[in-house]
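Taking it in order: structure first as structure tokens, then the write-up.
The values are calculated or read from the model by the stated rules, or taken from the named source; none is laboratory data. Since the model is a prediction, treat every value here as computed from it, not as a measurement. Heads up, the Cβs are rebuilt from the backbone with ideal geometry, glycines too, and the neighbour counts pull from every protein chain shown.
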Amino acid sequence: MPEEPPRLVILDVLLARMSGREVLRLLRTGHRVPDVPVLVITGMDVDRAYFAPWPILAVLRKPVAVEELLATVARAVPLPRKRG
């Protein structure tokens with residue numbers, strides 16, 4: 001059975017071995033997850049333009065308010081409706 005791609009990627013800009021921008025480039029140009037929404041969380045002063053030309057869902061600045069994080073995730077990954 002093939003592995004399902006993630007429904008959302010949460011990415012920090014500052015990583016140990018490569019930048020979050022480079023990770024995003026690899027995600028977007030790869031064959032496995034080019035359309036998965038990416039939410040960037042960072043303490044840096046960056047906006048969507050920093051990640052061009054690769055689309056992202058949003059940039060949230062640290063410290064992130066829990067309500068803002070949950071609302072942003074819910075926009076990208078709606079919860080399934082309960083049957084009944």
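Specify the residue that is surrounded by the most Cβ atoms within 10 Å (Cβ to Cβ); the eligible residues are those in the range 1-40 that are charged (D, E, K, R), over 14 Å from the mean Cα position of the chain (by Cα) and within 29 Å of PRO80 (Cα to Cα).
Checked the range 1-40; the qualifying residue surrounded by the most Cβ atoms within 10 Å (Cβ to Cβ) is ARG32.
Beta carbons closer than 8 Å, at least 6 apart along the sequence or on distinct chains, pair a first residue in the range 64-84 that is under 16 Å from LEU11 (Cα atoms) and β-branched (Val, Ile, Thr) with a second that is part of a loop (DSSP other than H, G, I, E, B) and modelled with pLDDT of 90 or more for THR72/LEU57; VAL73/LEU8; VAL77/LEU8; VAL77/PRO37.
Can you find even one residue in the range 25-34 that is modelled with pLDDT of 90 or more, within 16 Å of ALA76 (Cβ to Cβ) and in a loop (DSSP other than H, G, I, E, B)? The answer is no, given that none of the residues of the range 25-34 is modelled with pLDDT of 90 or more, within 16 Å of ALA76 (Cβ to Cβ) and in a loop (DSSP other than H, G, I, E, B).
The residues of the range 48-67 that are surrounded by 10 or more Cβ atoms within 10 Å (Cβ to Cβ) and either of a type in the set (Val, Ile, Thr) or under 18 Å from VAL23 (Cα atoms) (or both), listed by number, are ARG48, TYR50, PHE51, ALA52, TRP54, PRO55, ILE56, LEU57, ALA58, VAL59, LEU60, VAL64.
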